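Comments concern the structure below.
The values are calculated or read from the model by the stated rules, or taken from the named source; none is laboratory data. Because the structure is predicted, anything quoted here is derived from the model rather than measured. Don't worry about glycine lacking a Cβ; one is built from the backbone with ideal geometry, like all the others, and counts go over all protein chains shown. Areas reflect the complete protein model, heavy atoms only, side chains present, ligands, DNA and RNA absent. Shrake-Rupley method; radii C 1.70, N 1.55, O 1.52, S 1.80 Å.
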Amino acid sequence: MLTTQQIIDKTNKYGAHNYHPKDVVIVKAEGAEVYDPEGRKYYDMLSAYSAHNFGHRHPEIVAAAKDQLDKVTLTSRAFHNAILGDFYEALCHTTGKNMVLPMNTGAEAVETALKTARRWGAEVKGVENGKQEIIVCENNFHGRTITIISFSNDPLAKDNYGPYTPGFKMIPYGDAAALEAAITENTVAFLAEPIQGEAGIIVPPAGYLQKVREICTKHNILFMADEVQTGFARTGDMFAVQHESVEPDVFILGKALGGGVMPLSAVAANDDILGVYTPGSHGSTFGGNPLACACGIKALEILERDNYPQQAREKGEYFMAGLRKIKNPEILEVRGRGLLIGMEFTGPAFDYVKACIHEGVLCKETHDHTIRFAPPIPVTYDQMDDALERINKAIGR
Ligand SMILES: *Cc1c(COP(=O)(O)O)cnc(C)c1O
């Protein structure tokens, strides 16, 4: 096998440099542990940005995928497949909604939600087509398509990709009054993350989501919760909005939905909203493919059967308490919910991330000053203890 350095050199030589990965090559993985070509073990504390809620290669999800590989992997939506309906049913059960539209990536699910809101606005709410407005938040992260980066305020994501898609209005995150003030007769939806992930694990003020819910109901606009990163037990509830017992009109889901094996995303809502679609009005060749659905069905089953929300809540409290014991005057705050945890520093976190990786803990800074710690939910207490010791060695002063 090539060495770590040879692999990195080849990757950098031929690939576009739209990422700057840490100098670690992962060649084997199981649960919360991954290995490099030299056989070094690391704990995965990033979990592919929460796509690995189930841990790497969860045996039951891998078995479900293998089983489906032997039957049929792709039919396109020109024909039916035997398990798409089962997937819809399972996701409706988990979300409490009665209709699903499947896609592949999180960005596609966000795009689907935006299209849904615009169409619903024109056909149900009665906004003139072309006038629909959608309200979004500062420092949002919803993906990488042209439309989505059009309403980003991160220059790294946005610069030189113009012309940008119109129809979006940006307000501060966590500010319910700003939402109400931004609404006009043409507003069709409010799109937000219940906890901002990429912005640095930003938990909104208590009561914010409830106020958002009330305002959206009062003004007849859709509350669209982007739970691509926070969903499926990551934050200690099945969905992060449930922390405030709030039901959004539209769930935007992805990442962990495919069990860490296949890309699988979806929009879930009731038929008074998703019912706006007619044949030909939206679609995806791979959306709802049987292989991804087989992974998704098994993932949804495991989430409930193994009490993943409770696991994430309890382990999250334990891990966060451990992180808070680490002494370093440059640590500003340790915050988060469940197993979505941010450690913010007074300055750049880059060197601390490097030190963690050196000690065998994979993590990454988000927006320079904050390290995100988000281990897979099946991580054991022994693994957390070992990881905390290593993190302390790397960061403690
Ligand atoms: C990762 C993410 C997305 C985009 O998902 P992709 O699968 O990378 O397209 C959208 N929204 C949120 C909140 C995310 O964290």
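Structure notes:
- Screening A268, A292 for residues that are within 14 Å of D86 (Cβ to Cβ) and within 18 Å of the chain's Cα centre (by Cα) leaves exactly one candidate, A292.
- Taking every residue in segment 85-108 that is closer than 14 Å to S265 by Cα and pairing it with any residue that is among the β-branched types (V, I, T) and more than 16 Å from the ligand (Cβ to nearest atom), at least 6 positions away or on another chain, the pairs with Cβ-Cβ distances below 6 Å are F87/I297; Y88/V100; A90/I297; L91/V100.
- Condition met for D249 (touching a Phe, Trp or Tyr at 6+ places or on another chain (Cβ under 6 Å) and more than 16 Å from the ligand (Cβ to nearest atom)): yes
- Qualifying residue in segment 234-241 (condition: within 16 Å of the ligand (Cβ to nearest atom) and part of a helix (DSSP H, G or I)): yes
- Residues satisfying the stated conditions in segment 108-132, i.e. more than 15 Å from the ligand (Cβ to nearest atom), open to solvent by less than 60 Å² (accessible area, probe 1.4 Å) and within 19 Å of F251 (Cα to Cα): T116, A117, W120, G121
- Y49 under 21 Å from K354 (Cα atoms), open to solvent by 50 Å² or more (accessible area, probe 1.4 Å) and not assigned by TED's automatic domain parsing to the domain that holds G200: yes
- The lone exception for A181 - which of (1) among the hydrophobic types (A, V, I, L, M, F, W, C); (2) surrounded by fewer than 19 Cβ atoms within 10 Å (Cβ to Cβ); (3) in contact (Cβ under 8 Å) with a residue 12 or more places away in the chain it fails: (3)
- Candidates V203, V188, filtered to the one that is farther than 24 Å from L46 by Cβ and surrounded by 17 or more Cβ atoms within 10 Å (Cβ to Cβ): V188
- Count of residues meeting criterion [within 13 Å of the ligand (Cβ to nearest atom) and surrounded by fewer than 22 Cβ atoms within 10 Å (Cβ to Cβ)] in segment 85-107: 3
- A321 vs. criteria in contact (Cβ under 8 Å) with a residue 60 or more places away in the chain and away from the ligand (no atom under 16 Å from the Cβ): no
- Segment 257-283 - residue that is assigned to a helix (DSSP H, G or I) and touching a helix residue (DSSP H, G or I) at 6+ places or on another chain (Cβ under 6 Å) and, of those, farthest from the ligand (Cβ to nearest atom): I273
- Residue match in segment 214-224 (condition: assigned to a loop (DSSP other than H, G, I, E, B) and within 15 Å of the ligand (Cβ to nearest atom)): no
- Some residue of segment 99-108 being in the same structural domain as G275 (by TED's automatic domain parsing), within 23 Å of P204 (Cβ to Cβ) and of a type outside the set (S, T, Y): yes
- All positions within segment 360-397 that are small (G, A, S) and open to solvent by less than 10 Å² (accessible area, probe 1.4 Å): G360, A374, A387, A394
- Annotation note: of I391, I341, the sole residue that is in contact with a Leu (Cβ under 9 Å, 6 or more places away or on another chain) and assigned to a helix (DSSP H, G or I) is I391.
- Sole residue being open to solvent by 40 Å² or more (accessible area, probe 1.4 Å) and on the phi < 0 side of the Ramachandran plot, chosen from Y352, Y318: Y318
- Members of segment 174-206 that are within 16 Å of the ligand (Cβ to nearest atom) and closer than 13 Å to H219 by Cα: A189, F190
- Selected residue (criterion: surrounded by the most Cβ atoms within 10 Å (Cβ to Cβ)) from residues of segment 210-237 that are in contact with a Pro (Cβ under 6 Å, 6 or more places away or on another chain) and free of Cβ contacts under 8 Å to residues at least 60 places away in the same chain: A225
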